Amino acid sequence: PVITKSHKSIANFKLPEGQPIGVKVTLRGESMYEFLYRLIAVALPTIRDFRGISGKFDGQGNYNIGITDITIFPEISVETHKAHPGLDIAIVTTAKTDDDGRELLRLFGMPFRRQEGAAGGKAPTAA
């Protein structure tokens, strides 16, 4: 893990320069696939009123997702944390286009939100 530190001090947040504020980790190989499986099959379905994730990519086939509460992972105990920190996940693929990246993640089982009106039919109207 790499500890990230603040680049400059911010008086309103009482944050001095150089204070540790986060951690970043790069996963590769078996641990990457294990984490991706846990994210797709275990953690995302436990989110309340979950209807799928946004299908917006970065233009180069990579995908970023933000998790506001890490307690969606069953390994994390709710009682051990006073504050519930978030988690930013960057999925970097070898795909050259967004469509290729979306298809790759779809084949892994990523639950993308369905586009309204993409099915060819009209959206229901109030009568």
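Tabulated data
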{"item": "Every residue from the stretch 98-127 that is modelled with pLDDT of 85 or more and open to solvent by less than 60 Å² (accessible area, probe 1.4 Å)", "result": "98, 101, 105, 109, 110, 111, 112"}
{"item": "Residue 105, sole failed condition from (1) closer than 22 Å to residue 25 by Cβ; (2) more than 17 Å from the chain's Cα centre (by Cα)", "result": "(2)"}
{"item": "Within the stretch 60-85, considering residues that are loosely packed, with under 14 Cβ neighbours inside 10 Å and closer than 21 Å to residue 114 by Cβ, the one modelled with the lowest pLDDT", "result": "66"}
{"item": "Subset of the stretch 41-59 that is closer than 22 Å to residue 97 by Cα and open to solvent by less than 70 Å² (accessible area, probe 1.4 Å) - its residue that is modelled with the lowest pLDDT", "result": "55"}
{"item": "Selection within the stretch 8-22 - part of a strand (DSSP E or B) and loosely packed, with under 10 Cβ neighbours inside 10 Å", "result": "20"}
{"item": "Residue check, residue 95 open to solvent by less than 80 Å² (accessible area, probe 1.4 Å), under 22 Å from residue 3 (Cα atoms) and either at pLDDT below 90 or among the hydrophobic types (A, V, I, L, M, F, W, C) (or both)", "result": "no"}
{"item": "Some residue of the stretch 23-35 being aromatic (Phe, Trp, Tyr) and in contact (Cβ under 8 Å) with a residue 12 or more places away in the chain", "result": "no"}
{"item": "Per-region count, the stretch 40-80, residues in a loop (DSSP other than H, G, I, E, B), without any contact (Cβ under 8 Å) to a residue 60 or more places away in the chain and over 18 Å from residue 25 (Cβ atoms)", "result": "17"}
{"item": "Check on residue 27, open to solvent by 80 Å² or more (accessible area, probe 1.4 Å) and at pLDDT 85 or above", "result": "no"}
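The values are calculated or read from the model by the stated rules, or taken from the named source; none is laboratory data. Given the structure is predicted, the values throughout are model-derived calculations rather than measurements. Backbone-built Cβ (ideal geometry, glycine too); neighbour counts: all protein chains shown. These accessible areas exclude ligands, DNA and RNA; they are computed on the full protein's heavy atoms, side chains included. Shrake-Rupley method; radii C 1.70, N 1.55, O 1.52, S 1.80 Å.
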